[in-house]
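> Here it is, the structure, as structure tokens.
The values are calculated or read from the model by the stated rules, or taken from the named source; none is laboratory data. It should be emphasised that the depicted structure is a prediction, and the values quoted were computed from it without experimental measurement. Cβ placement follows ideal geometry from the backbone for every residue including glycine, while neighbour counts extend to all protein chains displayed. For accessibility, only protein heavy atoms count, side chains too; no ligands or nucleic acids. Shrake-Rupley method; radii C 1.70, N 1.55, O 1.52, S 1.80 Å.
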Amino acid sequence: MPALSSLDWMLSYVVQVVVPYYLNISTRIAEIHPLLRQDVLQVTAKAFDSKSAELDELTWLDIRKIYTEHLIDISRLGIALPVLEVVSNWASEDISLLRNFVKLMLGLAGPPHSRDFASAFLALISKEEVRSSFRHDAEGLELLRRFIGECQDHETEVPPPILELLQ
């Protein structure tokens with residue numbers, strides 16, 4: 001049966017077009033209504049975890065990347081710790097999304113960092129799958145050095161595997 005006789009391509013297109021608009025609206029809701037930020041996070045996490053059987057793997061990965069960028073956006077609204085809790089559960093997911101999240105968060109997170117945030121984020125970075133991505137990424141390594149320096153300035157304990165990476 002020819003590919004054009006299937007409507008799968010249309011579903012894929014609709015999802016790729018609609019999801020960014022939906023996430024922009026939910027970001028705006030989180031910006032305007034602080035009490036709904038946790039709800040926006042929960043809906044985003046649930047959508048990230050629910051895969052449609054109709055979507056192919058590549059399309060689904062693209063959509064998950066969009067959700068990852070949305071999590072970065074809403075983390076700047078004061079819910080960085082809950083976002084890190086959601087992301088820390090991605091261990092069984094595609095590791096490239098976790099690496100992408102960590103690099104984006106390193107670029108976004110500026111001082112001062114709370115000890116809780118720094119500890120949770122360092123725990124995420126200390127996972128071998130994430131740490132190994134910095135070995136051949138000069139830009140990511142520089143962002144990591146800056147973050148570690150800020151952590152050390154505020155007397156936050158940095159796990160030895162991360163310190164070894166910086167040497």
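> Please work out how many pairs of lysine residues in the chain are eight or more positions apart (or on different chains) and have Cα atoms closer than 16 angstrom.
On the way: 46/65; 51/65; 65/103; 103/127.
Taking the chain as the scope, the lysine pair count is 4.
> Counting only helical runs of four or more DSSP H residues, what would the 222 nm mean residue ellipticity of the chain come to if each run contributes -39,500 (n - 2.57) and the total is spread over all its residues? It would help to have the intermediate numbers written out before the result.
Details: 9 runs with 117 residues, N = 167.
That comes out to -22000 deg cm²/dmol.
> Still on this structure, please answer the following. Roughly speaking, to the nearest percent, how much of the chain's 1.4 Å accessible area is carbon and sulfur?
Roughly 58 percent of what the probe reaches on the chain is carbon or sulfur.
> Over the range 6-159, what lengths in whole Å, largest first, do the semi-axes of the equivalent ellipsoid take, defined as the square roots of 5 times the eigenvalues of the alpha-carbon gyration tensor? The partial results should precede the final answer.
On the way: eigenvalues 170, 73, 29 Å².
Each semi-axis is √(5λ); the values are 29, 19, 12 Å.
> What stretch of the chain, leaving out the sites themselves, is the longest with no trypsin sites (Lys or Arg not before Pro) in a DSSP loop having at most 15 other Cβ atoms within 10 Å? Please report the intermediate quantities before stating the final value.
Values: sites that count: 51, 135.
Answer from the scan: 52-134.
> Which stretch or stretches of the range 139-162 have amide N atoms under 16 Å from the point lying 7 Å from residue 126's Cα along the Cα→Cβ direction?
Residues passing the 16 Å test: 148-149, 151-152, 155-162.
> Between residue 42 and residue 167, what is the spin-label point distance in nm, taking each point 7 Å from the Cα along the Cα→C-beta axis?
Once both label points are built, they end up 4.6 nm from each other.
> For the pair residue 35/residue 135, report the inter-label distance in nm, with labels modelled 7 Å from Cα in the Cβ direction.
Placing both labels 7 Å along Cα→Cβ, they lie 5.1 nm apart.
> So, R0 is 45 Å and r is the distance between the beta-carbons of residue 25 and residue 142; what FRET efficiency does that work out to, to 0.05? If you can, show how the numbers build up before the last one.
Working: r = 35 Å, r/R0 = 0.77.
Once rounded, the FRET efficiency stands at 0.85.
> If you don't mind, another one. Probe of 1.4 angstrom, ligands and nucleic acids ignored: what's the accessible area per residue over the range 55-167, in square angstrom?
Per-residue accessible area for the range 55-167 comes out at 50 Å².
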